Amino acid sequence: MNTTHAYRPRRSCLYMPGANERALEKACSLPADMVILDLEDSVAPDLKATARANIHTAVSNKGFGSREVVIRSNSLDSEWGRDDLLMAVSAAPDGVLVPKVCSAEDIVSIDALLSEAGAPADLALWVMIEMPLAILNIQAIAATSASTRLTGFMMGTNDLAKEMRAQATPEREAFQLALVSAVTAARAYDLVALDSVYNDIKNEAGLRAECEQGRVLGFDGKCLIHPAQLDITNEVFSPDPEAIAQARAIIDAFAQPENQGKGVITVEGRMTERLHLEQAEQLVAVQEAILAAQSEV
């Protein structure tokens, strides 16, 4: 697995269209944990080459600060996918995002192509989970992280709805199997899991509800399509103060000399195991990374 950014916050992951130079410039000042510079859905066929050049320039200029920068390519089955990935490797973002994957073999092939193009070992590989076969093969896909750059999943319920002929509802009943399966596989193989976009830009209550549902399901953050969605998403996916205080208490308790080597201790009246210590350390690390990023904005 690519562990370079294991504790990096990914509360908000904002898609920005690669053909829009102004949008790429704006991304450098927005409070997004991750910016996803898009070559796929938001770019018309006759603008693919322009978008590719725009993104290469924007990433090479390194003006995004602490924000994680990911380039979404077109599918490798398309006429643009391979060139997208070759450009991405030369631009040196933090990661690449590949859509329409269906199998473990797809991940191995993509990773091999990145290596052939000279990509460093720490280039994060993200994949869209948006095809029915990807859901059926999700464990095998996740298992490739042991030998590839695979870092995490980004859900794509818009494409899933089309492929499944399903209806999108506020509770996302049609996608619960897909969402839970992806999070379960991600956790089993120590990957990051990011929830799908919310389409109704002006519906703040609906966005908040879907963010809260995603957090309950275990997602690390959410993909977004508009800057107006950032504040709510960052709020919902940030650790709450009470949880941070409890995490620090657990870390402090295990650090006491009398607790060295113990597997189970009592913290504030609660039985606490070392697995809780690991969770506490990760939570505090994410909070500190959020604060560090905010200081740079």
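Taking amide hydrogens as placed 1.01 Å from N in the peptide plane, the amide H of V267 sits under 5 Å from those of T272, each at least 5 positions away in sequence or on another chain. Annotation: amide H-H contacts under 5 Å for M16 (H modelled 1.01 Å from N, sequence separation of 5 or more, or interchain): I36, L37, D38. A Förster radius of 35 Å combined with the Cβ-Cβ distance from V216 to E105 puts the calculated FRET efficiency at roughly 0.60. Sequentially through the range 270-275, phi angles give Karplus couplings (6.51, -1.76, 1.60; θ = phi - 60°) of 10, 5, 10, 9, 5, 5 Hz, Gly and Pro residues having no value and appearing as x.
Distance between the 7 Å Cα→Cβ label points at L275 and R248: 2.7 nm. In sequence order, the range 198-213 has phi-based couplings of 10, 7, 7, 4, 7, 8, 5, 5, x, 4, 4, 4, 6, 4, 5, 4 Hz under the Karplus curve 6.51 cos²θ - 1.76 cosθ + 1.60, θ = phi - 60°, and Gly or Pro positions carry x. Residue by residue, the range 278-288 carries 3J(HN,Hα) couplings of 4, 5, 5, 5, 5, 4, 5, 4, 5, 4, 5 Hz when phi is fed to the Karplus relation 6.51 cos²θ - 1.76 cosθ + 1.60 (θ = phi - 60°); x denotes Gly or Pro. Within the chain, antiparallel bridges make up roughly 10 percent of the DSSP beta bridges whose residues both belong there. The calculated pair-distance distribution of the chain uses every alpha carbon pair, bins of 5 angstrom beginning at 0, and gives 1, 5, 12, 15, 18, 17, 14, 8, 5, 3, 1, 1, 0, 0 percent. Solvent-accessible area per residue in the range 1-146 equals 40 Å², computed with a 1.4 angstrom probe and all protein chains kept. Under a 5 Å amide H cut-off, with hydrogens placed 1.01 Å from N, E68 pairs with M34, V35 among residues at least 5 apart or on other chains. Over 29 Å between Cα atoms: which of K62/K222; K48/K222; K222/K262; K62/K162 fall into that group? Over 29 Å Cα-Cα: K222/K262; K62/K162.
Here the peptides 237-245, 267-275 are ranked by packing, the mean other Cβ count within 10 Å, and the order with the highest first is 237-245, 267-275. For the range 148-203 and the range 1-70, what is the separation of their Cα centres, given in Å? Answer, in whole Å: 20. Computed with a 1.4 Å probe over protein heavy atoms only, the accessible surface of the range 198-257 comes to 50 Å² per residue.
The values are calculated or read from the model by the stated rules, or taken from the named source; none is laboratory data. Because the structure is a prediction, the values reported are computed rather than measured. Using ideal geometry, Cβ is built from the backbone for each residue, glycine included, and neighbour counts are taken over all protein chains shown. Heads up: the accessible areas ignore ligands, DNA and RNA and are worked out on the full protein's heavy atoms, side chains in. Shrake-Rupley method; radii C 1.70, N 1.55, O 1.52, S 1.80 Å.
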